[in-house]
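Below is one structure, written out as structure tokens; comments come after it.
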Amino acid sequence: MRLLRYGRPGKEKPGLLDEEGRIRDLSSVIPDIDPSQLSPKALRALAKIDPDSLPKVRGTPRIGVPVNGIRKFIGIGLNYADHAAESNLPVPTEPIIFMKAISCLSGPDDPIILPPGSKKTDWEVELGVVIGTRAQYVSEADALKYVAGYCVVNDISERNFQLERGSQWDKGKGCDTFGPVGPWLVTPDLIYDEQDLDLYLDLNGKRMQTGNTRTMVFTVAQLVSYVSQFMTLEPGDLIATGTPPGVGMARKRYLKPGDQLRLGIPGLGEQQQEVVAYKRT
């Protein structure tokens with residue numbers, strides 16, 4: 001299934017994408033797509049629904065974050081060797097873990113707002129992994145059993161905040177709108193191999209990032225297992241698994257108002273964002 005949430009911010013309704021790419025309204029079946037709907041049992045029940053029995057959603061509504069109630073937004077740093085090389089940093093011997101503030105979550109096509117004082121806001125297309133079952137000290141062999149689905153993430157990062165203003169990466173990762181997620185949560189049955197997914201990102205129509213998850217330093221299974229050794233993963237928790245090369249930091253080109261981003265993973269959907277300056281309201 002391709003599950004999604006659509007509507008105005010804070011007023012999203014649950015939906016799914018049918019085989020013809022049309023949004024179907026799920027609100028008569030479930031109140032929302034939240035952690036309670038991510039267990040294997042709950043997903044099996046949703047999978048039994050005939051999409052043609054659900055109302056079509058008219059027009060082209062805004063798409064929100066595909067899961068409501070995310071409690072942890074976990075990032076993995078330098079998980080592609082070629083990205084580590086372009087960053088002039090060593091390839092990690094263990095996964096680098098950082099956290100993105102939940103308040104940075106935004107819809108896949110919502111604007112990216114440059115925070116006050118931003119000098120080096122950057123882009124990072126990533127594969128997102130959503131946990132469906134509580135995971136604590138799980139083995140690598142069992143790790144994928146705990147995954148509810150996959151999604152596209154843009155791990156927006158302010159490099160000056162991240163790297164030049166102390167040692168804490170989190171400062172450059174959690175600004176408002178720095179976590180576009182979606183458009184869909186795609187269940188594992190639609191993913192032939194999570195370690196063979198293409199990633200791409202264009203800036204103003206020019207290709208900046210091209211990669212494939214086969215070149216990740218640590219696989220999805222390794223990451224889920226590893227992170228579960230240090231924190232309990234709960235349903236709805238989101239792991240962003242790292243970015244391939246081509247980020248702005250390596251190109252000495254950072255985001256500015258008016259820039260247009262287009263990024264995605266075939267099968268998981270595409271995001272499009274405009275970059276805007278912060279305005280106090």
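What follows is calculated from the coordinates using simple rules that are stated; it is not laboratory data. All of these numbers come straight from a predicted model, not from anything done at the bench. Neighbour counts run over all protein chains shown; Cβ positions are idealised from the backbone, glycine included.
Counting every alpha-carbon pair across the chain, the share separated by more than 33 Å comes to 17%. In order along region 122-134, phi translates into HN-Hα couplings of 10, 10, 7, 6, 8, 7, x, 10, 9, 7, x, 9, 3 Hz, rounded to whole numbers, per the Karplus curve 6.51 cos²θ - 1.76 cosθ + 1.60 with θ = phi - 60° and x for Gly and Pro.
In order along region 212-222, the phi-based Karplus estimate (6.51 cos²θ - 1.76 cosθ + 1.60, θ = phi - 60°) of 3J(HN,Hα) comes to 8, 5, 5, 9, 4, 5, 10, 6, 4, 4, 5 Hz; Gly and Pro are listed as x. Checked against a 26 Å cut-off, the cross-linked pairs 145/171; 173/252; 11/279; 13/72 give Cα-Cα distances beyond that limit for 145/171.
Think of region 68-277 as having a plus end and a minus end, set by charges on the Cβ of Lys, Arg, Asp and Glu; of 113, 103, 154, 113 sits farthest toward the positive end of this dipole. At an R0 of 41 angstrom, the distance between the Cβ atoms of residue 20 and residue 101 translates into a FRET efficiency of 0.65.
Remark on residue 208: its backbone amide H falls under 5 Å from those of 201, 202, 203, a criterion applied only to residues 5 or more positions apart or on other chains, H modelled at 1.01 Å from N.
For region 68-277, a simple Cβ point-charge model (Lys and Arg +1, Asp and Glu -1, everything else neutral) yields a dipole of about 680 debye relative to the Cα centre.
Using C-alpha pairs under 8 Å with a sequence gap of at least 6, the mean separation divided by the residue count of region 64-131 gives a relative contact order of 34 percent. Here region 112-126 and region 198-226 have alpha carbon centers that stand 19 Å from each other.
Residues considered: 15, 258, 69. Largest GNM mean-square fluctuation over the chain, using C-alpha springs under 10 Å, is found at 258. Distance between the C-alpha centres of region 229-281 and region 1-63: 24 Å, rounded to the whole angstrom.
For region 57-72, 3J(HN,Hα) computed residue by residue from phi via the Karplus equation (6.51, -1.76, 1.60; θ = phi - 60°) reads 8, 7, x, 10, x, 4, 9, x, 4, x, 10, 8, x, 5, 9, 10 Hz, glycine and proline entered as x.
Per residue, the Cα convex hull of region 1-78 amounts to 131 Å³.
Normalised by the residues of region 25-163, what does the relative contact order come to in percent, with Cα pairs under 8 Å and at least six apart? Walk me through the numbers before you get to the answer.
On the way: 145 pairs, mean separation 32.1, N = 139.
Normalised by residue count, the contact order of region 25-163 is 23 percent.
Relative contact order for the chain: what is it in percent, counting Cα pairs under 8 Å that are at least 6 residues apart? Numbers along the way, then the final one.
On the way: 713 pairs, mean separation 69.7, N = 281.
Answer for the chain is 25 percent.
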